[in-house]
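The values are calculated or read from the model by the stated rules, or taken from the named source; none is laboratory data. Computed from a predicted structure; not experimentally measured. Note that each Cβ is placed from the backbone with ideal geometry, even for glycine, and that neighbours are counted across all protein chains shown. When the accessible area is computed, the model is the full protein with side chains, heavy atoms only, and any ligands, DNA or RNA have been set aside. Shrake-Rupley method; radii C 1.70, N 1.55, O 1.52, S 1.80 Å.
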Amino acid sequence: WGGALSALVGVGVFLSRRAGVAMDRIVVVLGFIMIAMTAYVTFVSRPPLGLALKNAVLPDQVDFLAITTLVGGTVGGYITYAGAHRLLDAGVHGRANVAQISRASVIGVLVTGLMRVLLFLAVLGVVATGVKLDPANPAASAFAAAAGDFGLRVFGLILWAAAITSVIGASYTSVSFMAGQGAHLDMRRNLLVVAFIASSMVAFLVAGTAPVPLLIFAGAFNGIILPIGVAALLWVALRRSDLMGGYAYPRGLALLGLLAWFVTVYLGWVSLGRLAPLLD
């Protein structure tokens, strides 16, 4: 019921006359709520910051699937393109706007990174006290252990906010790929988004799989296909300056991007064997 009602909320956003403005405002407000609520639970759980900092540099154990899932959930799949498509629709493109585009991308990565660090610390503060998490819903049980019934409700709000913003952003991005192929599709973009959300809702209801394995699977799968998207971007940046209006991409950043690409390929390969059993 929660998934179906949330999908209807997403449909309502794109049926409004000012869908673009509504989408932007909803994402910003819900993003602020997620960060604020997670920060509160992090403060309440009192995580061992020293231990967290030590293991961030010298971890006792390295789990490649966990890393792939986190990276894929942050910048994998077509999440990478969502902000870019929105900037294009808003008229922010071209060499004159490189500084604004770069600033927007950096802020986006920092905000998503902050959210994941806060969430990790909130759960770490709970498990460090010896609390055993519920395998069926580990994050919810961590929030409940940290702040009681209120913490459980806070987790529900955070997870729903993350879900509905993903529904809005991912659906918009999926359709914008098609809408970009012909101006005649732009007029029907919102209806296409509505159809995409509705079909995804039906697929979710038919699958009948618990949300936790679906979330892990989606993050891990995004992490595996991430090298494909990064490779395409690097190829355009290094070999096809004609597609960038003659803009020469900084070689230093291109080298960093190439190194990051090798890392994503390695992570995806190592995690590939553990991906299939996630939905069993």
Report the residue count in the stretch 146-158 for those that are in contact (Cβ under 8 Å) with a residue 24 or more places away in the chain and open to solvent by 60 Å² or more (accessible area, probe 1.4 Å). 1
Which one is nearest to Ala139 (Cα to Cα) among residues in the stretch 182-208 that are modelled with pLDDT under 70 and of a type outside the set (A, V, I, L, M, F, W, C)? Asp186
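Could you check the stretch 237-264 and list, in sequence order, the residues that are outside any helix (DSSP H, G or I) and either basic (Lys, Arg) or open to solvent by less than 70 Å² (accessible area, probe 1.4 Å) (or both)?
So the first thing to find is which residues in the stretch 237-264 are outside any helix (DSSP H, G or I), and the list is 240, 245-250.
Those that are outside any helix (DSSP H, G or I) and either basic (Lys, Arg) or open to solvent by less than 70 Å² (accessible area, probe 1.4 Å) (or both): Arg240, Gly245, Gly246, Tyr247, Pro250.
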Search the stretch 228-239 for residues that are over 13 Å from Leu255 (Cα atoms) and pair each with any residue that is among the aliphatic types (A, V, I, L, M) and in a helix (DSSP H, G or I) when their beta-carbon atoms are under 8 Å apart and the residues are at least 6 apart or on different chains. Val236/Leu243; Val236/Met244
Given the condition over 19 Å from Leu49 (Cα atoms) and loosely packed, with under 15 Cβ neighbours inside 10 Å, answer yes or no: does some residue in the stretch 68-87 qualify? no
If the Cβ limit is 6 Å and pairs must be 6+ apart or interchain, which residue in the stretch 196-208 that is among the hydrophobic types (A, V, I, L, M, F, W, C) pairs with which residue that is open to solvent by 60 Å² or more (accessible area, probe 1.4 Å) and modelled with pLDDT of 85 or more? none
Across the stretch 7-53, which residue is least open to solvent (accessible area, probe 1.4 Å) among those that are free of Cβ contacts under 8 Å to residues at least 40 places away in the same chain and either part of a loop (DSSP other than H, G, I, E, B) or touching a Pro at 6+ places or on another chain (Cβ under 7 Å) (or both)? Ser16
Kindly indicate whether any position in the stretch 222-236 is open to solvent by 60 Å² or more (accessible area, probe 1.4 Å), at pLDDT 85 or above and part of a helix (DSSP H, G or I). yes
